[in-house]
Amino acid sequence: MDAPILLLPQPDLYLQTPAGNRIPAHATILASASPVLQNVIKSSNRIVKIHGVPDAAVTAFVAFLYSARCTEEDMDKYAMHLLALSHVYMVKQLKQRCIKGLGDRVGTENVVDVLQLARLCDAPDLYLKCARHLTNRFKAVKETEGWRFLQNNDPCLELEILCFMEEHEKRKRKARKRREDGMLYTELSEAMVCLEHICTEGCTEVWPYDVEVRREREPCSKFGTCQGLQNLIRHFATCERVKGRCLRCKRMWQLFRLHSSICLRHDACKVPLCSQIRLKMEQEKKKGDGRWEVLVRKVASAKAMSSLALPKRKRVEEIRRELP
């Protein structure tokens, strides 16, 4: 079936382009699409002048007002002009389309121009995307004509961009520090679990006095830190240096202290010095080191999260063993 043909009355006004060409249009359609054009039409003599954009961009703008569609070809050629027109005449649907289209077309050569336009047209999402693109490719962008023009004509925006880049770099450093700290807390929580494993079940080289020694044991596969921790425990037990001067003994002592700080069953705990360290800390009743308290909380949290994920990991391992 043929598509129905919409019959429109005769045009009752004209849109005049910067070159002086007149595009016939219908006041009711323009007024329904743009509240700004609605007010302009009321006060005009049926000729609405549009300035500052190419004639072809005005034609594409009018076509969108009638059809609510914009071709990719028009977007490639006139996206920036259409964004300016949609902002000035408050055509929200076209503005959203232009923001998306320009966001997909941002490159090294045009990022400065698009960023300036996004700032003028109140398009924060597009501005942010351009600022990130500029930050990530600043070495190439600063060689463009757009950046040199910005330096010479808009120092305030240049300063704004440089401040954004500095803040972006600070956020990256903070995120990197959080990731590194998270890895440290996870490793320490695993060391705490591994310490309990060694002192409760025993392992290849270190075991509690009430566990039968089995020399034929294979290397421990439960924890990646198990062998290193066993070596540290053996050194701690046999070191003949003056107390406080051996770095390896200091490290082992800190692990014992950390375990005692997060242990919830001191009376039944088999980890050496657990109850004694806890009792000494309670007797001193001194205000603790803030950094140490933060470390204890973070490691305890990481250990709790690891214990919650443990049943799932065990189930995955069982499934893998069952597979042929």
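The values are calculated or read from the model by the stated rules, or taken from the named source; none is laboratory data. The model shown is predicted, which means the values in this text are computed figures rather than measured ones. Backbone-built Cβ (ideal geometry, glycine too); neighbour counts: all protein chains shown. In case anyone asks, the SASA skips ligands and DNA or RNA and just uses the protein heavy atoms, side chains included. Shrake-Rupley method; radii C 1.70, N 1.55, O 1.52, S 1.80 Å.
Okay, here's what the table says:
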quantity	calculated
Matching residues in region 119-129 - criterion: being of a type in the set (A, V, I, L, M, F, W, C), in a helix (DSSP H, G or I) and surrounded by 15 or more Cβ atoms within 10 Å (Cβ to Cβ)	Leu126
Criterion: open to solvent by 80 Å² or more (accessible area, probe 1.4 Å) and β-branched (Val, Ile, Thr) - qualifying residue of Val111, Val88	Val88
Pairs with Cβ under 6 Å, 6+ apart, first in region 154-170 and closer than 14 Å to Leu128 by Cβ, second in a helix (DSSP H, G or I)	Phe164/Ala131; Met165/Thr135; His168/Thr135
Test for Lys303: is it modelled with pLDDT under 85, under 22 Å from Glu187 (Cα atoms) and open to solvent by less than 70 Å² (accessible area, probe 1.4 Å)	yes
Answer residue from region 35-77, given it is open to solvent by less than 80 Å² (accessible area, probe 1.4 Å) and aromatic (Phe, Trp, Tyr) and is farthest from Asn21 (Cα to Cα) among those	Phe64
Residue in region 239-251 that is open to solvent by less than 100 Å² (accessible area, probe 1.4 Å) and at pLDDT below 70 present	yes
Wholly within region 130-209, helices (runs of 4 or more DSSP H) carrying at least 2 residues that are at pLDDT below 90	155-200
